[in-house]
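The numbers here are math on the coordinates, done by the rules we state, and not lab data. None of these values were measured; they are calculated from a predicted model. Cβ placement follows ideal geometry from the backbone for every residue including glycine, while neighbour counts extend to all protein chains displayed.
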Amino acid sequence: MAQTEVLMPKMGESVIEATIIKWTKNEGDQLKADETLLEIATDKVDSEIPVPSDGILLKKLCKEGDVIPVGKAIAIISTDGKPADVPVSAPVVEAKKAAPVNVSTPAAATQVAEPITRFSTSGRFYSPLVRSIAQKEGITVNELETIPGSGKAGRVTKTDIISYLPARQANGNVATQTTTAPAIKEAPVKPMAIGANDEIIEMDRMRKLIADHMVMSKRVSPHVTSYVEADVTNLVLWREKIKKEFEKKEGEKLTFTPIFVEATVKALKDYPMVNVSVDGTRIIRHKDIHIGMAVALPSGNLIVPVIRYADRNSLLGITKQVNDLAGRARINKLMPDDTQGGTFTITNVGTFGNIMGTPIINQPQAAILATGIIKKKPVVIESPQGDMIAIRHMMYLSLSYDHRVVDGALGGSFLKKVADYLEQFDIDRNTW
């Protein structure tokens, strides 16, 4: 009987493993090529693994919830349509699980209750397994930050933390000795009163990740938000004039988002200290500009794909990336690398009819811009002949920024510069 293994596919340069979320086929089922075999998830993106060829699913090599490295076999299928010669329930291979590690624990370690989030204040990522081991061993967040990581981008792996434990125990380096200040105890959360007519909805996986990331951002960064109003009449009239020609010539729809991105990139070049990240007491100034673009999904969740090298792209190039990323995001076809490496984020709250917003910073970035709805308003226009009232296309821009590294003068000046670029848009522009 001809058999083939289905391997966990490579999903991007930054992804080394994925979690099995759901099997859509059962052992013994007939399979058709390109049908969905199972659903998997990385930290930010859910994906589907298709059936490689017609056949029968002989054996699942892992269960839902297992964390599987890229390249590892996850299933065996018969490619000649014949059933297996051995019972499909026979064990084939043991999948990796994010389970606790049996290591002796210092007595004081069990007293530590400080939560460890997926991202530390420096933006360093900790996997569920590493966090589980750290909690079990009483390793505080501050101590975890000192452990050298051998993973990609200095990420602490299971091997790193287990290798660290013997020396730590030998030195008596338990959690109470690594804490330099008394732990701040959070007020106990009172049980929620649930009424007879209330509906309980369990958060899905992505919503839990979003919640975790948002709470972490507010804990890490002292948020400040500045606002400015912009007259974007020329921009609106120009887009209305050329959008049909643009689509006919380039095969792309021109929305306002690429124009907002273009203006933001220009302002980031003028104020490069907004295009930064914080690493402890170090400020990382990014020379390349990668713009995150918040996209609302049909499920109600939010994802932020990244427009790569926006500073090197024309308006057409930015438009192509915006349309591609938004389209794939809405049909759950983003790759994990599509959401990595952003240096600044834009969220268009005007899409929902909102005039402005106070967005939460997308860590480890230092700022996020919200663009409000464009509305016609009566505005006072100053001229050499005197003031007059005219109907103009107006919008609000709001910038939330990390006050550790972006002061009010810098944040306000940057935001005003974005507005200036939008207001000074050339209505006779003929290139893109």
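Listing for the model above:
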{"read-out": "Sequence-distant residues sharing a close amide H with Ile307 (under 5 Å, placed H)", "value": "Ile291, Gly292, Met293"}
{"read-out": "Rg to Rh, two decimals, where region 238-321 supplies the alpha carbon set and Rh follows Kirkwood", "value": "1.05"}
{"read-out": "Anchor Lys320: lysines whose Cα lies under 19 Å away (excluding residues fewer than 8 positions away in-chain)", "value": "Lys243, Lys244, Lys248, Lys249, Lys253, Lys266, Lys333"}
{"read-out": "Cβ-based net charge around Ile242, under 13 Å, with every Lys or Arg adding one and every Asp or Glu removing one", "value": "+1"}
{"read-out": "Largest-first ellipsoid semi-axes for region 279-321, taking √(5λ) over the Cα gyration tensor eigenvalues, angstrom", "value": "24, 20, 4"}
{"read-out": "Projected label distance in nm at Lys287 and Ser53, using a 7 Å step from Cα toward the beta-carbon", "value": "4.7"}
{"read-out": "15 Å Cα-Cα reach of Lys22 towards aspartates and glutamates, excluding residues that sit fewer than 8 places from it in its own chain", "value": "Glu35, Glu39, Asp46, Glu48, Glu64, Asp66, Asp204"}
{"read-out": "Alpha-carbon centroid distance for the pair region 281-352 / region 222-245, whole angstrom", "value": "18"}
{"read-out": "Additional length obtainable on full extension of the chain from Arg328 to Ile162, 0.36 nm per residue less Cα span", "value": "55.8 nm"}
{"read-out": "Chain lengthening between Glu250 and Tyr309 when straightened (0.36 nm per residue, less Cα-Cα)", "value": "19.2 nm"}
{"read-out": "Rg/Rh ratio calculated on Cα atoms of region 298-432 (Kirkwood radius)", "value": "1.01"}
{"read-out": "Rg/Rg_globular for region 276-356, with Rg_globular taken as 2.2 N^0.38 Å and Rg from C-alpha atoms", "value": "1.18"}
{"read-out": "Alpha-carbon spread of region 207-272, three principal axes, descending order, Å", "value": "47, 29, 21"}
{"read-out": "Segment Asp198-Lys375, extension gain: residue separation times 0.36 nm, minus the distance between their alpha carbons", "value": "59.9 nm"}
